[in-house]
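The values are calculated or read from the model by the stated rules, or taken from the named source; none is laboratory data. These numbers were taken from a predicted model, which means no experiment stands behind them. Cβ sites come from the backbone with ideal geometry, for glycine too, and all protein chains shown count toward neighbours. Only protein heavy atoms, including side chains, enter the accessible area calculation; ligands, DNA and RNA are left aside. Shrake-Rupley method; radii C 1.70, N 1.55, O 1.52, S 1.80 Å.
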Amino acid sequence: MVRVKGVQDGSIAEELGIVPGTELVSVNGRELADFLDWEFLTADDELVIEARLPDGEAIVYEIERPEGESMGVELEPPTIRRCANRCEFCFIEGLPKGLRKPLYVRDDDYRLSFAYGNFATLSNLKDRDIARILEYRLSPLYISVHATPWEARKVLLNNPRVPNIVEQLTKLAEGGIQFHGQMVIVPGLNDGAVLEQSFTDLWALGDAVLSVAIVPVGLTQFSHLYTGKSMDRENASALLDTVGRWEARALEERGHRWVYGSDELYLLSERPLPDAEFYGEFPQIENGVGSVAALRSRVQEGLETLPRLEGRRIGVVTGKSMAPLMPELLEQLTQATGARFELIPMENSLFGPTTTTAGLLVGADIRRALIDRHDLDLALIPAECINDNGVFLDDEPFITVREELSMPVYPSYDFIDVLVQEGEPAEAAA
Ligand code: SF4
């Protein structure tokens, strides 16, 4: 059974008399377990829907759904499948105490992997789940592979009961399911020979593997479970060498790169980051693979749309890892607008100095960066550090922080998004 949260005005569901709180029990004789059943079973045009209204009345709707018209039902969020692993490097285990409860939820849910691109390890997958993935053709999935050798994977996931992922992936591949994989690399555990074997196993799955991201382990000062080594320049460089070999093979034999090192890996190894063409369709940009290249190209493309902002003094708050890459971008923005940009790199006060990502800065960091800056006309902060409800990770609402500051402050993804609205476009920007 799934419960209705909302009904769109003028929709089929409204015409039928479905209201919030209605329980949808079955479609065409098949019981509904979750949103996937509803989405896929209502794809038919002829539907027999068993439901129970909030007052307890059982009702059966027989309808012919006009082609292409949605039912107009929003369902209550599903019960999320929790993770059964206890990875030493788990970011959630590395969160300080006292944050919002939802931040501590360790989801490992193939349904969210399909619906939203969340990475899942498949550790909690039952045979019936695999059957369902195949029947509904849930593809592509996003899978945290980490390592294919079984023993190494048990250690990495800190879970002796993890299934054999090669068998799982083979079943999915044979059923026509494709996936993007990621491997978080812990030095000494899944680099070297384990990584080589993992690439070999994934390569053998052919077209089923759309891309593989190699991500260095990231720890906070609260990562209390972690007993491994941290990633350093030498490790990161060795990883990029291995990635480079497989990338070259993939380009030659399959015509695309297939495997990518994350931006963080390039930064750690102090190697130059590739440009946008390198990443093709940016298959794993949400995973920090190609974000810098995408930012550079968005800035480049947006320069001529910017207004002249002579005399304006603009503060740009960022994390420590992005700071060395910023001067080049800010110089371009200066040329295009005439404004004076000042980079304000901040250490993360909540997670500690090892957490250098701009998108994890918290409200307290933004306040600290800007509270005494009465000389700035405008400040830009990373948009990624505020969630959809306008709240930082430390629970500080953005509007509260903004009201304490003396200059206008805007969350920005690529500078252009904010600066373009700051004045009239110049006739001939640089
Ligand atoms: S799979 Fe590992 S990293 Fe992911 S949520 Fe579970 S314990 Fe954390």
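Structure notes:
- Counted residues, region 18-52 - those being within 21 Å of residue 66 (Cβ to Cβ) and surrounded by fewer than 13 Cβ atoms within 10 Å (Cβ to Cβ): 5
- One residue from 329, 265 being touching a Phe, Trp or Tyr at 6+ places or on another chain (Cβ under 9 Å), modelled with pLDDT of 95 or more and surrounded by 15 or more Cβ atoms within 10 Å (Cβ to Cβ): 329
- A count restricted to region 345-382 and to residues that are within 16 Å of residue 414 (Cα to Cα), open to solvent by 10 Å² or more (accessible area, probe 1.4 Å) and among the aliphatic types (A, V, I, L, M) stands at 1.
- So residue 225, is it out of contact with any Pro (no Cβ under 6 Å at 6 or more places or on another chain), open to solvent by less than 60 Å² (accessible area, probe 1.4 Å) and at pLDDT below 95: yes
- Cβ-Cβ under 8 Å pairs, at least 6 apart or on other chains, region 317-344 side acidic (Asp, Glu), far side open to solvent by less than 50 Å² (accessible area, probe 1.4 Å): 342/314; 342/315; 342/316; 342/376
- Every condition in (1) of a type outside the set (S, T, N, Q); (2) in a loop (DSSP other than H, G, I, E, B); (3) within 16 Å of the ligand (Cβ to nearest atom); (4) touching a residue at least 24 places away in the same chain (Cβ under 8 Å) holds for residue 111 except the one numbered (2).
- Residues satisfying the stated conditions in region 113-155, i.e. under 21 Å from residue 211 (Cβ atoms), surrounded by fewer than 18 Cβ atoms within 10 Å (Cβ to Cβ) and either acidic (Asp, Glu) or under 14 Å from the mean Cα position of the chain (by Cα) (or both): 115, 116, 117
- Of 237, 230, all but one fail to be at pLDDT below 95, farther than 24 Å from residue 112 by Cα and open to solvent by 20 Å² or more (accessible area, probe 1.4 Å); the exception is 230.
- Taken as a whole, the structure places residue 184 among residues that are part of a strand (DSSP E or B), within 15 Å of the ligand (Cβ to nearest atom) and in contact (Cβ under 8 Å) with a residue 12 or more places away in the chain.
- Pair list, Cβ under 6 Å, 6 or more apart: region 70-91 residue within 30 Å of residue 17 (Cα to Cα), other residue within 16 Å of the ligand (Cβ to nearest atom): 80/107; 80/109
- Residue-level check: of (1) open to solvent by less than 50 Å² (accessible area, probe 1.4 Å); (2) under 23 Å from residue 84 (Cβ atoms), residue 160 misses just (1).
- All of 111, 128, 137, 132 fail the test of being over 28 Å from residue 219 (Cβ atoms) and in contact with a Pro (Cβ under 8 Å, 6 or more places away or on another chain), apart from 111.
- Taking residues in region 150-164 that are part of a loop (DSSP other than H, G, I, E, B), and partners anywhere that are β-branched (Val, Ile, Thr) and within 13 Å of the ligand (Cβ to nearest atom), the pairs with Cβ atoms closer than 8 Å and at least 6 places apart or on different chains are 162/121.
- Any hit, region 167-184, residues being at pLDDT 95 or above, over 30 Å from residue 33 (Cα atoms) and buried (at least 16 other Cβ atoms within 10 Å of the Cβ): yes
- Test: residue in region 118-136 that is within 15 Å of the ligand (Cβ to nearest atom) and farther than 21 Å from residue 174 by Cα: yes
- Qualifying residue in region 345-352 (condition: within 27 Å of the chain's Cα centre (by Cα) and among the small types (Gly, Ala, Ser)): yes
- When the residues of region 58-107 are filtered to those that are part of a loop (DSSP other than H, G, I, E, B) and open to solvent by 90 Å² or more (accessible area, probe 1.4 Å), the one that is farthest from the ligand (Cβ to nearest atom) is 67.
- Helices (runs of 4 or more DSSP H) within region 242-347 that include 2 or more residues within 30 Å of residue 197 (Cα to Cα) and of a type outside the set (Gly, Ala, Ser): 263-269
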